[in-house]
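Accompanying notes for the structure given below.
The values are calculated or read from the model by the stated rules, or taken from the named source; none is laboratory data. For clarity, every value in this text was computed on a predicted model and none was experimentally measured. Here the Cβ positions follow ideal geometry from the backbone for every residue, glycine too, while neighbour counts run over all protein chains shown. Heavy atoms of the whole protein, side chains included, go into the accessibility calculation; ligands, DNA and RNA do not. Shrake-Rupley method; radii C 1.70, N 1.55, O 1.52, S 1.80 Å.
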Amino acid sequence: MKRFVYINDESYQNDYCDNQISNTKYTLWNFLPKNLWEQFRRFMNQYFLLIACLQLWSLITPVNPASTWGPLIVIFAVSATKEAWDDYNRYISDKQANEKKVWIVKNGARKHIQAQDIRVGNIVWIRENEEVPCDLVLTGTSEPQGICHVETAALDGEIDLKTRVIPTTCIGLDSEQLHKIKGVIECPIPDKDIRRFDANIRLFPPFIDNDICPLTINNTLLQSCYLRNTEWACGVAVYTGNETKLGMSRGVPEPKLTAMDAMIDKLTGAIFLFQLAVVVVLGSAGNVWKDTEARKQWYVKYDDDEPWYQILVIPLRFELLCSIMIPISIKVSLDFVKSMYAKFIDWDEEIYDQETDTPAHAANTAISEDLGQVEYILTDKTGTLTENKMIFRRCCIAGTLYGNESGDALKDIELLNAVADNSPHVIKFLTVMALCNTVIPIKSPSGTISYKAQSQDEDALVNAASNLHVVLVSKNGNNAEIHFNRRVIQYEILDILEFTSDRKRMSIVISDSQSGKIFLLSKGADEAILPLAYCGQQIKTFVDAVDKYAQLGLRTLCLGWRELSLEEYLEWSRLFKEANSALVDREWKVAEVCQKLEHTLDILGISAIEDRLQDGVPETIEILRQSGINFWMLTGDKQSTAIQIALLCNLISSEPKGQLLYINGKTEDEVARSLERVLLTMRITSSEPKELAFVVDGWALEIILTRYKEAFTELAVLSKTAICCRVTPSQKAQLVKLLKSCDYRTLAIGDGGNDVRMIQQAHIGVGISGREGLQAARAADYSIGKFRFLKRLILVHGRYSYNRTAFLSQYSFYKSLLICFIQILFSFVSGIAGTSLFNSVSLMAYNVFYTSIPVLTTVLDKDLSEKTVTQNPEILLYCQAGRLLNPSTFAGWFGRSLYHAIVVFLITIHAYANEKSEMEELSMVALSGSIWLQAFVVTLEMSSFTFLQFLAIWGNFAAFYVINLCISTIPTAGMYTIMFRLCRQPSYWITMLVSITIMFF
Amino acid sequence: MSVSGSESAASANKPKYSKFTQQELPACKPLLTPGIVIGAFSLIGIIFVPIGLASLSASQEIVELIDRYDEECVTASDKIGFIQDSKANKACTRKITVPKPMKGPIHVYYQLENFYQNHRRYVQSRSDQQLRDKDYKDPKAVAKACDPEATTGDGSLIVPCGLIAWSLFNDTYAFSVNKKSVTVNKKDIAWASDKNSKFGSNVFPVNFQKGGLIGGGNLNDKLPLSEQEDLIVWMRTAALPTFRKLYGRIETDIMASDEITVVIQNNYNTYSFGGTKAVVLSTASWIGGKNNFIGVAYVAVGGICLLLAMGFVVLYVVKPRALGDPAYLSWNKEAAEYSH
């Protein structure tokens, strides 16, 4: 499917949508039905609605329907209001974007219109620092070379400036001509891939040749980017409105469910079944009692011939009486405390990164408890464990190793001398370092040059070259200028053979402006470059150097070059252009063509770049491992570097304490045998106190994941530590999935775009807002500035959240069950007819008010101090194993509620027997007993008390009396004067006191 | 730009410090140390035992005479037939000997057993708005609330309607002490709040007990409901199937070994459902009527607390354990076992 965009052609009617952006979920008209529909998709809400509807049948309802409808409507209104507010804010921001004024060309003249009126095919003009209103194909810029700079932070989170160029056919058009151009752009139907735009453009006469010119993502300005350092730019709108790349990539991520949520759901289901059982048993008992006993009770006046449905009446009444077993307030309470957990993370000063000015952020507010239950952490290496601050440390040029003594090649006298002596190998090496990249030099007014680089490695190389006097001064379009020892050398950049993770190398083709010679400069991973060496070159020294550097934990890059003949270049260039304008399989075709040029290289040398470990990484990993969390390191780096870093950061121990098991092999058989061997060793030594870890590379992993998944799963269960090197983003995600399938709670942490898939796949995704941009941080549930903050995130925030939710959720059930059990017990003395002991107001207030507010202050509860937890990280095992919320703890709470209900009920009916057994009074005594009890249970269960907790617990307690005394002054209320009467009776207070003490036995 | 200015700009995103946001609010952290636990239990015991004893003695001081009369007052074998026969002579004389002196006012209760005033069908069959005022707004709601005893056969509304009013208790008692008749004061037996606010002084019984079936007692058509105190007392429904309701008060004192004669008009039908009836005479004290339960509960709880406190003391002396010793942590224990 393709889309044809006719440039600047009013007569051509297309039915593509206009540029009205709409991020809103609802309209004014569909809000109510749509929102209700969404809310009622939850089982709990359906349940409450059913109960509320049943209550409308006055024959069966034990209480006023308002006691369920009230809270139900409040709860629905709260979440609907929240939705509406969010949606309204989206609407406002959409409106602002839609009504922003932009310049477009209409009938040959520039016109100022609202952004929402842009149509596909319009030419849009943007000035410096303006936001791009829709996806454009660049046709002209203020710069003579036809380039412009954009900031794409809003799109991919990358903060460096990117260069965008106009298509070759548009080069040289002045702004007058740009108003009039006509043509057609053939582009794919809208998709969300912000890295690809496989299209082509053809301008109509009189504009230049009628040739098809390929378009790539480099020729586009995408919606939400900002134009920087360029006076103006103009382009043709190709995708508009919600069909832009940004609009298409906006999706609602699937909500993540925490282990606790799943457990709570399960327990809710169990309670529901229990409730049904109660209903069936009591319902039948009630019917039996009615037929044997109640008919004799003449004052009840049962009719002898009843309608058939009478048999259902008593069971349904019990259903309604028991409906409060499932607390209506639990969802709201949980939402509240969860958002507080998230806020505490956002607010935490100790996980604020001073260096980069980034506070921690919880983007997903619903999963903090899972942090406390993490069992596996899958971590990226570069930028996550390390700083991703690359520093050029050593190099090996033409067999000579520099920087061996001092550990810093830039200070190596030999190298400095070699530069001063114009040693040809060294100069070539430095030229490749300076040129073979996509770095943009930016000259500040004071004359200093700074570099904007997408890759930290390139940045390090260019900076190192400039320190060694080969300075990349400027890059204007296709021209690059290098200063070397006061000489200026001009190069024309002919082609860039871009880096991809498959190719693992990049190359550029340049021509020396003076001599006209054409060169291919390449750099890449050793295994991607060294095999390309020309026949006969001795590469052994390079291989050795790579090994040596890798053992030091340095990142190595291999640099090479080759001179091209003009004919060879021209021939290849044609193929390259063809591949680049392909609409299908462009990436693959381009890679193939690139390979045709990248061969018989002259290997110049090896660069070694240091990437230091972040502060506190070894300690963090040590502590988290003590707390029972297993670490897997997934990296794209090579095996030896990965192992070195793993040793440095305590991930693995060196012999004899630890042992590394390698899974390798090139063929399926080799891999299978290797895997079998490792598995065997694991099984044998799993009982020994020896730290075992396995190492696997991407190649073997691919075979394993497709063929030997079961064996590998067994290995994954046995092995606490693993190092996977040379893995691709999708393999990272697959590994996460594998661990998830073994029922482990996984946390993935990474910093770059290649970690996004694993972060999204894991139960918890943590992104480090690092130098590689914010892509990972955006996709993640939590973003932090440094790896070491993970310790606090898990041990403090995760653990507290788990403990607090465990208490809150079980308590919510406990208090609902308590009141329900009292009702059930009362039914045994009221002829099993389903009379409610409590009045509607009390029941409603008990559930949504008296018992909900005090327990919310559990968000402030700290069972152990933060210091104690970090000193004894083993304590986390309790959370991991789910010791605080599981069927047996829940059974404990269940039993507790039954016991408490029996105590309250028995004491009440004995203390208020005979002449005192007035319904309203007795009901209020039982309710007060429950309220007293709640205050003490919450007090007993909390470990620390701030004044807010005191206020909530005892303020609520006082509020109970104030409210009920107020209600007791209303003559029409059922409980008129009741509370005053009770408060005057000494026996009331004595009864309360004894109920409390008995409950604690 | 000053240095400090650039610094504050560099930390623009730093979270604002407050004790609340950092979860550092000062908190008290009560530790249940052996001392506190022992102290708390002892304290509870020391407080509870006296309260319990006081309640018990108050309860013991109360003189309570219960005379069940439903069996003895019907000599006929067909008890239901007898009670439903409106022409039969229902009078019945009971004699009670007073064991201890009773100080006036002596409360006279009638006690019903196995009578479910709290049955769902029964407890809701009343209309408060009809009782309160003769000018109520919604006759339909009244009729609905009083179902199944809202109207007479011809469809006219009953006042007061509903099962509760319809089943009004109608046994009467006449007392004489030592053959000398004693008046029973039936004034102010109902709650003042009920008389003033719940039962209207302009509401008079209409069509009451005129339906096909006659339930319990009848009412004086000339008296407003606010003065029909027996009805008001009856309509304060009991929460338990065994209950007592105030019948009246005897204001005079009664000496020990005095003989009380009660002449009972045994009208009320508890025979069809096996309920019992009794007349109760009781003095009152600060804990209300005679009720040993609270006193026993207090003494028991206090006693158990003292026992537990002593038990803890013994445990603490015999096998003391240092507070906060990390060696007791489960993982440390396991490690210790592992090393052995």
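Are there any pairs, at least 6 apart or on different chains, whose C-beta atoms fall under 8 Å, with the first in the stretch A:689-715 and under 14 Å from residue A:670 (Cβ atoms) and the second surrounded by fewer than 16 Cβ atoms within 10 Å (Cβ to Cβ), and if so, which?
Qualifying pairs under 8 Å: A:696/A:664; A:697/A:664; A:699/A:666; A:700/A:664; A:703/A:668; A:704/A:711; A:707/A:668.
Can you give me the ranges of the strands (runs of 3 or more DSSP E) entirely in the stretch A:74-174 with at least 2 residues that are under 31 Å from the mean Cα position of the chain (by Cα) and more than 30 Å from residue A:39 (Cα to Cα)? Can you show your working first?
Details: elements: A:101-106, A:109-114, A:123-127, A:135-141, A:147-151, A:161-165.
Result: A:135-141, A:147-151, A:161-165.
Given the options B:302, B:324, B:275, name the one that is of a type outside the set (D, E, K, R) and in contact with a helix residue (DSSP H, G or I) (Cβ under 9 Å, 6 or more places away or on another chain).
Working: B:324 fails: in contact with a helix residue (DSSP H, G or I) (Cβ under 9 Å, 6 or more places away or on another chain); B:275 fails: in contact with a helix residue (DSSP H, G or I) (Cβ under 9 Å, 6 or more places away or on another chain).
Every option except B:302 fails the conditions.
From (1) buried (at least 16 other Cβ atoms within 10 Å of the Cβ); (2) assigned to a loop (DSSP other than H, G, I, E, B), pick out the condition that doesn't hold for residue A:9.
Against the list (1) buried (at least 16 other Cβ atoms within 10 Å of the Cβ); (2) assigned to a loop (DSSP other than H, G, I, E, B), residue A:9 comes up short only on (1).
Which ones in the stretch A:725-751 are surrounded by 20 or more Cβ atoms within 10 Å (Cβ to Cβ), in contact with a Phe, Trp or Tyr (Cβ under 8 Å, 6 or more places away or on another chain) and under 27 Å from residue A:881 (Cβ atoms)?
Hits for the stretch A:725-751 are A:735, A:739, A:745, A:746, A:747, A:749.
Answer with yes or no whether residue A:976 is crowded, with 16+ Cβ neighbours inside 10 Å, more than 53 Å from the chain's Cα centre (by Cα) and at pLDDT 90 or above. Steps first, please.
Working: crowded, with 16+ Cβ neighbours inside 10 Å: yes; more than 53 Å from the chain's Cα centre (by Cα): yes; at pLDDT 90 or above: no.
The answer is no for residue A:976.
Of all residues in the stretch A:924-949, how many are more than 13 Å from chain B (Cβ to nearest Cβ) and of a type outside the set (Gly, Ala, Ser)?
6
For the stretch A:347-374, which positions are more than 14 Å from chain B (Cβ to nearest Cβ), touching a helix residue (DSSP H, G or I) at 6+ places or on another chain (Cβ under 7 Å) and surrounded by fewer than 19 Cβ atoms within 10 Å (Cβ to Cβ)?
Initial filter on the stretch A:347-374 (more than 14 Å from chain B (Cβ to nearest Cβ)): A:363-367, A:369-374.
Narrowing the set further to residues that are touching a helix residue (DSSP H, G or I) at 6+ places or on another chain (Cβ under 7 Å) leaves A:365-366, A:369-374.
Matches in the stretch A:347-374: A:365 only.
For the stretch A:567-601, what are the residues that are part of a loop (DSSP other than H, G, I, E, B) and exposed (fewer than 15 other Cβ atoms within 10 Å of the Cβ)? Lay out the reasoning, then the answer.
Let us first name the residues in the stretch A:567-601 that are part of a loop (DSSP other than H, G, I, E, B), namely A:581-585, A:598-600.
Listed by number, the residues that qualify are A:583, A:584, A:585, A:599, A:600.
For the stretch A:81-105, what are the residues that are modelled with pLDDT of 85 or more and open to solvent by less than 40 Å² (accessible area, probe 1.4 Å)?
Matches in the stretch A:81-105: A:84, A:98, A:102, A:104.
Can you list the helices (runs of 4 or more DSSP H) lying wholly within the stretch A:670-745 that have 3 or more residues being of a type in the set (Val, Ile, Thr)? Break it down into steps so the answer makes sense when it comes.
Details: elements: A:698-707, A:709-718, A:729-741.
Result: A:698-707.
Is one or more of the residues making up the stretch B:278-296 more than 19 Å from residue B:186 (Cα to Cα), part of a strand (DSSP E or B) and at pLDDT 90 or above?
no
Please specify each residue of the stretch B:96-133 satisfying the condition of being aromatic (Phe, Trp, Tyr) and over 20 Å from residue B:273 (Cβ atoms).
Keep residues of the stretch B:96-133 that are aromatic (Phe, Trp, Tyr), which gives B:109-110, B:115-116, B:122.
The answer is B:109, and nothing else.
Does the stretch A:782-794 hold any residues that are in contact with a helix residue (DSSP H, G or I) (Cβ under 8 Å, 6 or more places away or on another chain) and either open to solvent by less than 20 Å² (accessible area, probe 1.4 Å) or in a loop (DSSP other than H, G, I, E, B) (or both), and which are they?
A:782, A:783, A:784, A:787, A:788, A:790, A:793, A:794
Considering the stretch A:653-680 alone, what residues qualify as being among the β-branched types (Val, Ile, Thr) and under 12 Å from residue A:704 (Cβ atoms)? I'd like the intermediate steps shown before the answer.
To start, the set of residues in the stretch A:653-680 that are among the β-branched types (Val, Ile, Thr) comprises A:663, A:667, A:671, A:678.
The answer is A:663, A:671, A:678.
Say whether the condition of being modelled with pLDDT under 85, open to solvent by 80 Å² or more (accessible area, probe 1.4 Å) and over 24 Å from residue A:16 (Cα atoms) is met by at least one residue in the stretch A:209-224.
Yes: the stretch A:209-224 contains one or more residues that are modelled with pLDDT under 85, open to solvent by 80 Å² or more (accessible area, probe 1.4 Å) and over 24 Å from residue A:16 (Cα atoms).
Within the stretch A:947-959, is there a residue that is open to solvent by 40 Å² or more (accessible area, probe 1.4 Å), over 28 Å from residue A:862 (Cβ atoms) and free of Cβ contacts under 8 Å to residues at least 40 places away in the same chain?
Filtering the stretch A:947-959 for residues open to solvent by 40 Å² or more (accessible area, probe 1.4 Å) gives A:947-948, A:950-951, A:954, A:958.
Applying the additional criterion that residues be over 28 Å from residue A:862 (Cβ atoms) yields none.
No.
Hey, could you check the stretch B:134-166 for residues that are among the acidic types (Asp, Glu) and either open to solvent by 60 Å² or more (accessible area, probe 1.4 Å) or over 30 Å from residue B:279 (Cα atoms) (or both) and say which is farthest from the other protein chains (Cβ to nearest Cβ)?
Step by step, filter the stretch B:134-166, then rank; the result is B:154.
Checking the structure you have, find out if any residue of the stretch B:105-114 is touching a residue at least 12 places away in the same chain (Cβ under 8 Å), within 22 Å of the chain's Cα centre (by Cα), farther than 18 Å from residue A:973 by Cα and away from chain A (no Cβ under 12 Å).
First, pick out the residues of the stretch B:105-114 that are touching a residue at least 12 places away in the same chain (Cβ under 8 Å): B:105-114.
Next, only the ones that are within 22 Å of the chain's Cα centre (by Cα) stay: B:105-114.
Restricting the remaining residues to those that are farther than 18 Å from residue A:973 by Cα gives B:105-114.
Next cut, away from chain A (no Cβ under 12 Å) only: B:105-106.
Within the stretch B:105-114 (the criterion being touching a residue at least 12 places away in the same chain (Cβ under 8 Å), within 22 Å of the chain's Cα centre (by Cα), farther than 18 Å from residue A:973 by Cα and away from chain A (no Cβ under 12 Å)), the answer is yes, since at least one residue qualifies.
Being in contact with a Leu (Cβ under 7 Å, 6 or more places away or on another chain), away from chain B (no Cβ under 14 Å) and touching a residue at least 24 places away in the same chain (Cβ under 8 Å): is that true of residue A:259 here? Break it down stepwise before answering.
Details: in contact with a Leu (Cβ under 7 Å, 6 or more places away or on another chain): no; away from chain B (no Cβ under 14 Å): yes; touching a residue at least 24 places away in the same chain (Cβ under 8 Å): yes.
It is false that residue A:259 is in contact with a Leu (Cβ under 7 Å, 6 or more places away or on another chain), away from chain B (no Cβ under 14 Å) and touching a residue at least 24 places away in the same chain (Cβ under 8 Å).
Quick check on the stretch A:849-865: of everything there that is open to solvent by 30 Å² or more (accessible area, probe 1.4 Å) and not basic (Lys, Arg), which residue is modelled with the highest pLDDT? Walk me through it before giving the result.
First, the residues of the stretch A:849-865 that are open to solvent by 30 Å² or more (accessible area, probe 1.4 Å): A:849, A:853, A:856, A:862-865.
Filter once more, so that each one left must be not basic (Lys, Arg): A:849, A:853, A:856, A:863-865.
On the way: A:849: 83, A:853: 88, A:856: 91, A:863: 88, A:864: 87, A:865: 88.
Among those that are open to solvent by 30 Å² or more (accessible area, probe 1.4 Å) and not basic (Lys, Arg), it is A:856.
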